[in-house]
Amino acid sequence: MTQAEQIQRRSDVVVTCVLADGHPAVLEALSRLLKTHGVSIVATAADGVTALDAIRQHEPQVAIVDMKIDRLSGIEVARTAGKKTAVILYTSYRDRMSLHDALDAGARAVVLKEAPLDDLAKAIRTVISGRVYLDPLLAGVVTASELKALTSRERGVLRLLADGQSSDEIGAALSIAPDTVRAHVRNAMRKLGVETRTQAVAEALRRSLID
């Protein structure tokens, strides 16, 4: 199969994407590359606030966001983007804390900027299939069990859900926004492999993650 035929084959399946980075040259390069992999860039953004607005407007399948983008970090974008869009964070940071923060916020992939550009296409295919993608250079920074472990905040939110409290009531009790509560619930649902809030509470109780 020739390279042109491979590109055409990849392009048969179109994936919608919002692309966010503060550098125009990066946006241009990534847009050009991803189009050859069957990715339709529905919007670009130079800051996190604009990126989040674009995600809410277009509801793309994926969003590729610079982790340290201006105005609203990629981590906050991942936390509030909603479950319809899988957020891929693009970063030069490889420390343990940044990676934990990204995954706790609900990012479905973390790709290093130093990686080959084609790795972004791998990340997209991975998150579209419902799995989490971590740059190979991040191997060992977190373990497989840590990827699925509930954070203390997620356990706290589920515990209050089990008591019958609403997102607004939980937010007031924990001094966080209701949208942040819902983000924690979504993350817990993903890690527990369930589809509803009720199932998340039941599964957490079954595993003795909350009492």
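Nothing in this text is a laboratory measurement; each read-out follows from the coordinates by a stated rule. What you see is a predicted model; the values in this text were computed from it and never measured. Glycine also receives a Cβ, built like all others from the backbone with ideal geometry; neighbour counts cover every protein chain displayed.
Annotation: the residues S166, S73, sorted from fewest to most other C-beta atoms within 10 Å of their own C-beta, follow the order S166, S73. Select from V181, A54, T91 the residue farthest towards the positive end of the dipole of the chain; place +1 on Cβ of Lys and Arg, -1 on Cβ of Asp and Glu, and compute about the Cα centre. The one lying farthest along the dipole's positive direction is V181.
Counted by Cβ distance under 14 Å from I170, the other residues give a net charge of +1, where Lys and Arg count +1 and Asp and Glu count -1. Rounded, prolate or oblate: which fits the chain, taking a ≥ b ≥ c as square roots of the Cα gyration tensor eigenvalues, rounded meaning a/c under 1.5, else prolate when a/b beats b/c? Taking the square roots of the gyration eigenvalues as a ≥ b ≥ c, the chain is prolate. Mean separation of Cα pairs under 8 Å and 6 or more residues apart, divided by the residue count, gives segment 85-211 a relative contact order of 21 percent. Normalised by the number of residues in segment 150-206, the average gap of Cα pairs under 8 Å and 6 or more apart makes the relative contact order 35 percent. Counting only aspartates and glutamates at least 8 places from K35 when in the same chain, those with an alpha carbon closer than 19 Å to its own are E5, D12, D21, E59, D66, D118, D119. Compared with the alpha-carbon gap, the fully stretched path from K35 to D211 is longer by 58.5 nm at 0.36 nm per residue. Under the criterion of Cα pairs below 8 Å and six or more residues apart, the relative contact order for segment 3-144 equals 19 percent. Residue separation of A162 and H58 scaled by 0.36 nm, minus their Cα-Cα distance, works out to 34.1 nm of gained length. The listed peptides 37-48, 189-200, ordered by packing as a protection proxy, come out as 37-48, 189-200 (highest mean of other Cβ atoms within 10 Å first). Where a ≥ b ≥ c are the square roots of the eigenvalues of the C-alpha gyration tensor, would you call segment 4-123 rounded, which needs a/c under 1.5, or, failing that, prolate if a/b is larger than b/c, or oblate? Taking the square roots of the gyration eigenvalues as a ≥ b ≥ c, segment 4-123 is prolate. So which trypsin sites (Lys or Arg not before Pro) in segment 97-140 end up in coil per DSSP with only 12 or fewer other C-beta atoms within 10 Å? Those satisfying the criteria are R131.
Protection proxy ranking, highest mean first, for peptides 22-32, 81-91, 54-64: 81-91, 54-64, 22-32, where packing is the per-residue count of other beta-carbon atoms within 10 Å, averaged.
By how many degrees, 0 to 90 and rounded to 10, does the Cα axis of helix 24-35 deviate from the longest principal axis of the chain? Computed tilt is about 80 degrees.
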